[in-house]
Amino acid sequence: MDTSTHAIPAGYWQNAQGALIPLEMVKPIDRARNDLVHELVQKANELSQLMAKFKTSAFADIAAFVDLSLEQYDTNVGGKKGNLTLYSFDGRYKVQRAIQEHLQFDERLQAARALIDECLADWTAGAAPELKAIVANAFNTDKAGNISTSRVLGLRRLDIKDERWLKAMTAIGEAVQVVGSKAYIRVYERIGDSDMYRSIPLDIAAVQL
């Protein structure tokens, strides 16, 4: 069996280190393991291609339906993006199109951090330790050096009236930039006669056996 994309002489297999091994020296259990892995990889590739086709067709079908629906009112909308939920007539199923935007901060976040630090420095005596912890945690970075947009944006929910703080919150809001987005299709079915829905898993890890 040819186990790589390179030409391998007949009667040989290439191991993980690139060495050519005579086929008669490959143990039966190693052959069986190799065959199983190749079989599963082939099936996984086929499944991945089916899911890609489903995603492409699902987005196209939903966009076409939205256009059809809007035609009833002689109107249209710009672009094909946007979150929406479609229900079956009996309410048993629903399909969601979700757009998740990827946000990052520009250099104005540094100005906001400086203003916040000024506030904390002036409030040292009276500032609650919890507030200091919240601020410090908001600006912590992950292993990749990225700051959590949700934690930083969460600072704007704090009810603080200091002018410098309010100016910092404005800077945070203006520093947010949409740098990309990912689109998802989620499919649900109703649980019995309840108002609850369960997801039909499209993630292989979430599939129940």
Put +1 on the Cβ of each Lys and Arg and -1 on the Cβ of each Asp and Glu in the chain; which of S150, L115, A136 then has its Cα farthest toward the positive end of the dipole? A136
Coil-residue GluC sites (Glu not before Pro) of the stretch 86-194, DSSP, other Cβ within 10 Å capped at 11: E107
Rounded, prolate or oblate for the chain? Axes are the square roots of the Cα gyration tensor eigenvalues, ordered a ≥ b ≥ c, and the cut-off for rounded is a/c under 1.5. oblate
For a label point 7 Å from the Cα of S181 along Cα→C-beta, name the residues of the stretch 92-116 whose backbone N is under 18 Å from it. 96-105
Computed over the stretch 81-209: relative contact order in percent, which uses C-alpha pairs under 8 Å that are six or more apart: 37 percent
One finds, for W123 and N146 with R0 = 22 angstrom and r their Cβ-Cβ distance, a FRET efficiency to the nearest 0.05 of 0.20
If you take the beta carbon distance between L103 and A205 as r and set R0 to 25 Å, what does 1/(1 + (r/R0)^6) give as a FRET efficiency, to the nearest 0.05? 0.45
Rounded to the nearest Å, what's the spacing between the alpha carbon centres of the stretch 16-88 and the stretch 123-173? Just the number, please. 41 Å
Putting +1 on Lys and Arg Cβ atoms and -1 on Asp and Glu Cβ atoms, find which of N45, Q72, V179 reaches farthest to the positive end of the dipole of the chain. N45
Longest segment of the chain with no chymotrypsin sites (Phe, Trp or Tyr not before Pro) in a DSSP loop having at most 15 other Cβ atoms within 10 Å? 124-209
Assuming a strict under-24 Å limit between Cα atoms, what lysine pair count do you get for the stretch 6-146 once near-sequence pairs (fewer than 8 apart, same chain) are dropped? 11
Computed about the Cα centre, the charge dipole of the chain from +1 Lys/Arg and -1 Asp/Glu charges at the Cβ has a magnitude in debye, to the nearest 20, of 180 debye
Nearest 10, in degrees from 0 to 90: the angle of helix 28-71 to the longest Cα principal axis of the chain is 50 degrees
F54 and I8 label points (each 7 Å along its Cα→Cβ direction) are spaced in nm at 3.3 nm
May I ask for the angle, rounded to the nearest 10°, between helix 108-122 and the longest principal axis of the chain, with both axes built from Cα atoms and the value confined to 0 to 90°? 50 degrees
In degrees, nearest ten, helix 129-138 long axis to first principal axis of the chain (Cα): 50 degrees
Between N34 and T85, what is the label-to-label distance in nm when each label sits 7 Å out along the Cα-to-Cβ direction? 5.2 nm
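Here, each number is a calculation from the coordinates, and none is a lab measurement. Computed from a predicted structure; not experimentally measured. Using ideal geometry, Cβ is built from the backbone for each residue, glycine included, and neighbour counts are taken over all protein chains shown.
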